[in-house]
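One structure is given below, encoded as structure tokens.
The values are calculated or read from the model by the stated rules, or taken from the named source; none is laboratory data. Being a predicted model, the structure only gives us computed values, none of them experimental. Cβ atoms come from the backbone with ideal geometry, glycine included; neighbour counts cover every protein chain shown. Please note that ligands, DNA and RNA were not included when accessible areas were found on the heavy atoms of the full protein model with its side chains. Shrake-Rupley method; radii C 1.70, N 1.55, O 1.52, S 1.80 Å.
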Amino acid sequence: MLTNFFDLTFFQSVIATTVGVILGIPAALFVNGLIEKSSERERKNKILQVIKKELLDNKLQIQRSRQSVEEFPLAELRFESWNAFSDGGELQWIKDPDLLGKLSETYANIRILANLYSTEMEVAHFGRRQERVIADFHLSDETDKLTHAVQLQKSRAYDNILETLETLESELTKLG
């Protein structure tokens with residue numbers, strides 16, 4: 001009875017199954033790896049495209065405010081996408097530490113500029129009312145210093161955005 005069980009058909013089935021497992025598992029893992037890399041590239045590409053759009057919007061906002069602060073205030077600077085990606089863990093798809101560092105620095109400069117601008121507007125509006133009440137309190141020097149700081153940070157943020165956009169463009173080109 002056991003002799004019939006271990007006949008030629010049995011050994012052919014064992015060999016076929018073993019060869020199938022030996023070749024099939026690595027092939028399946030290889031295909032799965034290709035699919036994961038493709039998915040990772042797609043996610044990274046989408047994230048970088050959104051960040052690029054947000055940086056282009058900020059670049060345009062800064063350019064306009066350089067021409068006319070009254071007409072184009074800096075209140076429209078954006079960092080919502082960066083915050084969402086950062087808080088949501090989506091930045092894990094960007095494996096390049098230099099690129100992440102450059103993006104972080106750029107958004108830090110944008111945030112500093114937005115905060116300085118907000119402070120400048122508060123001082124300008126609140127300060128005018130206070131000057132009427134307190135005659136010897138001179139805000140004009142402080143306002144001038146703040147305006148100068150905003151202008152410097154505007155230049156710093158703008159230059160930083162330009163550098164980062166070049167890096168992003170290069171990275172997006174690599175992704176295809």
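Taking each residue as 0.36 nm, the span from ALA16 to LYS46 lengthens on full extension beyond its C-alpha to C-alpha distance by 6.4 nm. Taking all protein chains together, THR119, THR9 sort by accessible area into THR9, THR119, largest first [probe 1.4 Å]. Label point of LEU172 set 7 angstrom out along Cα-Cβ; within the stretch 46-68, amide nitrogens under 19 Å from it belong to 46-63. Listed by chain and number, the lysines whose C-alpha is less than 19 Å from the C-alpha of LYS145, apart from same-chain residues fewer than 8 away, are LYS154. Spin-label model, GLU80 to LYS53: label points 7 Å out along the Cα-to-beta-carbon direction sit 1.2 nm apart. Partner lysines whose Cα lies under 25 Å from the Cα of LYS37, excluding those fewer than 8 positions away in the same chain, are identified as LYS46, LYS52, LYS53, LYS95, LYS102, LYS174.
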